[in-house]
1. Could you tell me which of the residues B:Ile59, B:Ile114 is more than 10 Å from chain A (Cβ to nearest Cβ) and outside any helix (DSSP H, G or I)?
2. Counting only residues that are open to solvent by 40 Å² or more (accessible area, probe 1.4 Å) and within 8 Å of another protein chain (Cβ to nearest Cβ), how many does the stretch A:46-62 have?
3. Could you check A:Gly148 against (1) under 20 Å from A:Tyr276 (Cβ atoms); (2) at pLDDT 75 or above; (3) not assigned by TED's automatic domain parsing to the domain that holds A:Ser269 and say which number it fails?
4. Looking for something at pLDDT 90 or above and open to solvent by 20 Å² or more (accessible area, probe 1.4 Å) - is there at least one such residue anywhere in the stretch B:29-38?
5. Please work out which one of (1) under 28 Å from the mean Cα position of the chain (by Cα); (2) at pLDDT 85 or above is the condition A:Ile57 fails and give its number.
6. Looking only at the stretch A:82-110, count how many residues are over 32 Å from the mean Cα position of the chain (by Cα), farther than 23 Å from A:Tyr127 by Cα and loosely packed, with under 11 Cβ neighbours inside 10 Å.
7. What number of residues within the stretch A:226-264 satisfy the criterion of being outside any loop (DSSP other than H, G, I, E, B) and more than 12 Å from A:Leu165 (Cβ to Cβ)?
8. From the list B:Ser54, B:Ser23, exactly one residue is open to solvent by less than 10 Å² (accessible area, probe 1.4 Å) and either modelled with pLDDT of 85 or more or closer than 20 Å to B:Leu111 by Cβ (or both). Which is it?
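The values are calculated or read from the model by the stated rules, or taken from the named source; none is laboratory data. This structure is a prediction, so every number in the text was calculated from the model and none was measured. Note that we place each Cβ from the backbone using ideal geometry, even for glycine, and neighbour counts take in every protein chain shown. Calculation scope for accessible area: heavy atoms of the full protein, side chains included, ligands and nucleic acids excluded. Shrake-Rupley method; radii C 1.70, N 1.55, O 1.52, S 1.80 Å.
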Amino acid sequence: MAYKVSKKKLSLFTTNFSLTYFILFIFLTVLMMFMDSRYDYLKQIRKDFSFITSPLIILTNDTLNYFENFQSLSKSKNLLEEEINQLNIEIDRLAIENQIRNLLVAENENLREATLLSKKLAPKKTYPAEIIKPVIRGRTPIIIVNKGKKDGIRQGMPVVNRLGLVGQIYSTYNQTSGVVPLLSKKFAVNALHENGQNHVIIYGDTEFLVIPFFPASIDLSPGDTFVTSGLDNVYPSGIKIGEVVNVSPEDKQFNKILLRPATFSNQFSLITILDY
Amino acid sequence: MLKKSHDVKVKQQKLFIGLFLFSTIFSFINLFSFISINFYSEYFIALMVLTISSNLISINITKVFLIGVIVDILVGSILGQYTITFLFLYGLQVFSQKYFLMPSKAQAILLRFISISLGIIIVTIISQIFNPIFFTNGSLLNYLIIEIAITFFILIIFQIFYERTYGA
């Protein structure tokens, strides 16, 4: 005797799986992605849940840092003493440089006043800060510095050291701030070729800075440098970004340019945040 | 379907939590940086493929969604990246069950391989849309092949732990 099978039992999904719920959840997920790409909710959520994620991030980063620093910790006493001597010389040199800088800043202000130039292009204020430690949040490298909201630091402020551009303030907390370094994939800056003719946007790409599509008709060779253009009203003009290390053809019309940053965030612990 | 004993269920729930913590910690560490500095292996995809295909814990679409959101908060480039991937993996599993109710070992391995490939392709596409890395010609394909191979290897390790929960 043949049984009549209901249409529901013959349908594509006969388990407890509901196609309606599946489509609903997919729609919800797409909506989440759209909202996040537009309003950056993930950053806020990560901030709110940082009491759970921070211990894990600290645990993993500190373990790695421990192994990385193990070699330097095991240096002999003589080597350390020599390093201290070198550092003392460096401190003296930097102190002299700082005095010259202060003199130049004062002189620059006087000259601007004397020549009635706009003060718009000069940074309003600078905040010296110190790097606490680099961390990785959601696969994005972030540098934590010891100046925060209470010191007047805001999101978007440029960060430099004496060799060039270090990055940009990404998130601010009461006492600390997160800096996106140059090499982060989240980083982009409007730049100008040293000859003053070619404007480009430079992106961070983990190992190098990159200009993905640079017109092949323009001559560019390894060693050429790029500086901030100031057109984006985020970075003051003239800060050194990096120099070309490789020019490779992407297609007939464009070259891909790789640049080495002028400075690496782990090169100096002292940085300067600009209020521009 | 064979019913799992209470002991096995408890062991498998503990294993799931353990593997989730393992995946979280190792996702923050760039263990395979010697291959490429951009290379992060997808522990969570391996874990979810194992969970969905082997019934590591009892799972439904709401749980898949919630786990996806948690993983997005932990390691996602954008909210919804892993959620949509896990939902598609769950959909693929249910769809494949329709045709392979009792799959042979070779079929089961192939299905897991396809699941992992699909998961990694979806995650990479979403990463490339919202957080692009500039690949030179052909290197994206190499990246995908290595990523799939390593994630499959991680799945095999997870599978060994899973099979141990049944005892000798």
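1. On the way: B:Ile114 fails: outside any helix (DSSP H, G or I).
After applying the criteria, what remains is B:Ile59.
2. 3
3. If we test A:Gly148 against (1) under 20 Å from A:Tyr276 (Cβ atoms); (2) at pLDDT 75 or above; (3) not assigned by TED's automatic domain parsing to the domain that holds A:Ser269, just (3) comes out false.
4. Here is the first cut: in the stretch B:29-38, the ones at pLDDT 90 or above are none.
Within the stretch B:29-38 (the criterion being at pLDDT 90 or above and open to solvent by 20 Å² or more (accessible area, probe 1.4 Å)), the answer is no, since none of the residues qualifies.
5. (2)
6. 1
7. Step one: filter the stretch A:226-264 for residues outside any loop (DSSP other than H, G, I, E, B), giving A:226-228, A:240-249, A:254-261.
Filter again for more than 12 Å from A:Leu165 (Cβ to Cβ), leaving A:243-249, A:254-258, A:260.
Matching residues across the stretch A:226-264 total 13.
8. Values: B:Ser54 fails: open to solvent by less than 10 Å² (accessible area, probe 1.4 Å).
One residue alone meets the criteria, B:Ser23.
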